[in-house]
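Everything on this sheet refers to the single structure shown next.
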Amino acid sequence: TMIRILNATAGIWTITAYGDITIDGRINAWLPITGFVAPNVEFLSSNPYNTITSPSNAPGGIRCGAYNSVRNTLYPPSSWGSTRLALDVPDLVAPGYMVGGYYPTGYGTMSGTSIATAITSGACALMLQWAIVEGNDLSFSTSLIRAFLIRGCNRTDVTNYPNPQWGYGSLNLMQTFFYMRQM
């Protein structure tokens, strides 16, 4: 069920839900992503976990969060898992803070999970080139790519993996290719 409140009166709201049939008594609620709701709209007692939304909450894909690769810290706006369907996400994190790149108008930096996703997609493309185009493994698939990316992740000794913020660790394509060559 989706509830949309239009032209709401300013203030603190309480939403009470009643159900004819209650299965587990939980209600999951999310606010729209940034830019679709006023910046001062928030939940008073929110939980930073279970904030992953579509398309990362769909099963079968490779899901990445973002981190600051200079300081080796999480990128604060990156969503945390798991999902309400108990999927362990994200799978990994990739650089997503102040990443250099070219715009149509010149060089600049970008931040966000979208750039982390672009980096992870590029890593997947390179893996597919090695496997399919160069003929090293014609049966390569998304699940195999995901498994190799996870296996090649950088991890620290002070964190338990997988976890809701870092997944299985940070992307390390060189280490991933090292494991792929051992196949």
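DSSP bridge analysis restricted to the stretch 64-181 gives an antiparallel fraction near 65%, rounded to the nearest 5.
Residues whose amide H lies under 5 Å from that of residue 62, counting only those 5 or more places away or on a different chain, are absent; hydrogens are built 1.01 Å from N in the peptide plane.
Of 93, 158, 37, how do they rank once you tally other Cβ atoms within 10 Å and put the fewest first?
158, 37, 93
For the stretch 94-105, putting each phi into the Karplus relation 6.51 cos²θ - 1.76 cosθ + 1.60 with θ = phi - 60° gives couplings of 10, x, x, 10, 6, 7, x, x, 9, 9, x, 9 Hz, in residue order, rounded to whole numbers and with x for Gly and Pro. List, in order, the whole-Hz ³J(HN,Hα) value for each residue of the stretch 40-45 obtained from phi through the Karplus relation with A = 6.51, B = -1.76, C = 1.60 and θ = phi - 60°; use x for Gly and Pro. My calculation for the stretch 40-45 gives 8, 8, 7, 7, 5, 10 Hz in order. The calculated Kirkwood hydrodynamic radius for the chain is 18.7 Å, given to one decimal from all distinct C-alpha pairs. Phi angles of the stretch 149-160 translate, via the Karplus equation with coefficients 6.51, -1.76, 1.60 and θ = phi - 60°, into HN-Hα couplings of 4, 5, 4, x, 4, 6, 9, 10, 6, 8, 10, 8 Hz per residue; Gly and Pro are given as x.
None of the figures in this text is laboratory data; all of them are computed from the coordinates on show. Note that the structure is predicted; figures quoted are calculated from it, not measured. When we count neighbours, we look across all protein chains shown, and the Cβ atoms used for this are built from the backbone with ideal geometry, even at glycine.
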